[in-house]
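Trainee: Please find one structure pasted underneath; my questions will follow.
Each reported figure results from applying straightforward, stated rules to the coordinates on display, with no laboratory input. Predicted model, so just to flag it, every value in this text is computed and none were measured. With ideal geometry, Cβ positions are generated from the backbone for all residues, glycine too; neighbour counts draw on all protein chains shown.
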Amino acid sequence: MKALIAAAFLLLSSSAAAGDWLADAAKAAREAAVTGSPKPEAPKSAWTPYVPASRLFSGEIPVEGWWPMEEETATGSVFRLLGGDSQSGSVRTVLSVRFYDKDTPGFTPIKPAMELMRRENKETGRSITPVRPVRVGLGLARTFEIVETRRAPSDDGPSFEEELHHYVAVIPVGEAYYLVRLVSSRATYLEYRDDFVRFLKSMRSLSR
């Protein structure tokens, strides 16, 4: 496992996101054992502490199967954790983190921003679940899910439709907020639910 972590670090160090990985990345701390309690279930995969170069947050990310990157956009830093492709190859699983405050160009307060994100669209089959509060590392998140259909072009023939699934969490920080989103194909979304929840619960604010 140590060899895999070292190899991943060397690969990332050659890219623009080289500074993203913590130099002293280590395994997540083991939970303290309580006498008489059942042994905690082993994690499905190894996770490691992580802080992006922008110090947008601190948290944990999976060691295998995901590739972290960060870029500057017109609305600030965006962190992305890239996963695998869908069976069709037209959709890549992506977990993203953005932070919005009054200094963000075109800042939209949390309430109208959520209303915009939660609009349904019958033409694309866009449907949204009710908002559910979830306690996470940064506070009380407002979570919901979106299902929609996207038409993707194909190099080998005509375009086709693929159903997408979004896990969304909006986490207020005063008047500002974090937007965390995981997008995958609808066919595989349940495979990522635990990863999304674990990531949310590990997030902490640094410079914000």
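Trainee: Going by Cα centres, the stretch 172-195 and the stretch 55-102 are how many Å apart?
Mentor: The two parts, judged by their Cα centres, are 10 Å apart.
Trainee: Also, quick follow-up: Estimate the FRET efficiency between SER205 and ARG92 by the formula 1/(1 + (r/R0)^6), using the beta-carbon distance for r and 25 Å for R0, to the nearest 0.05.
Mentor: E between SER205 and ARG92, to the nearest 0.05, is 0.35.
Trainee: How would LEU82, LEU190 line up from fewest to most surrounding beta-carbon atoms within 10 angstrom?
Mentor: If I rank by nearby Cβ atoms, fewest first, I get LEU190, LEU82.
Trainee: Can I ask one more? What is the gain in length, in nm to one decimal, between GLU145 and MET69 on full extension, counting 0.36 nm per residue of separation less the C-alpha to C-alpha distance?
Mentor: Gain on extension, GLU145 to MET69, equals 25.0 nm.
Trainee: What net charge do the residues around LEU116 carry, taking every other residue with its C-beta under 15 Å from that of LEU116, with Lys and Arg at +1 and Asp and Glu at -1?
Mentor: Net charge in that neighbourhood comes out at +4.
Trainee: In what order do VAL180, VAL51, VAL136 fall by count of nearby beta-carbon atoms within 10 Å, going from fewest to most?
Mentor: The fewest-first ordering by Cβ neighbours comes to VAL51, VAL136, VAL180.
Trainee: What FRET efficiency comes out for LYS102 versus GLU123 if R0 is 30 angstrom and r is the Cβ-Cβ distance? Round to the nearest 0.05.
Mentor: Once rounded, the FRET efficiency stands at 0.30.
Trainee: If amide hydrogens are placed 1.01 Å from N in the peptide plane, which non-local residues have theirs closer than 5 Å to the one on VAL91?
Mentor: The answer is SER86.
Trainee: Once R0 is set to 22 Å, what does the formula 1/(1 + (r/R0)^6) return for the Cβ-Cβ distance between ALA53 and VAL134, expressed as a FRET efficiency to the nearest 0.05?
Mentor: Rounded to the nearest 0.05, the efficiency is 0.20.
Trainee: What ³J(HN,Hα) values, in whole Hz, does the Karplus curve 6.51 cos²θ - 1.76 cosθ + 1.60 give for the stretch 192-197 when θ = phi - 60°, with x put for Gly and Pro?
Mentor: Ordered by residue, 3J(HN,Hα) equals 10, 4, 5, 5, 5, 5 Hz.
Trainee: Order of ARG126, ARG151 from fewest to most other C-beta atoms within 10 Å?
Mentor: With the sparsest Cβ surroundings first, the list reads ARG151, ARG126.
Trainee: What number comes out for the charge environment of PHE144, summing +1 per Lys or Arg and -1 per Asp or Glu over other residues with Cβ under 9 Å away?
Mentor: Summing Lys and Arg as +1 and Asp and Glu as -1 gives +2.
Trainee: Near GLY84, within a Cβ-to-Cβ distance under 13 Å, what is the net charge of the other residues, with Lys and Arg +1 and Asp and Glu -1?
Mentor: -3
Trainee: Calculate, in whole percent, how much of the Cα-Cα pair population of the stretch 64-202 lies beyond 26 Å.
Mentor: Summing the P(r) of the stretch 64-202 above 26 Å gives 26 percent of all pairs.
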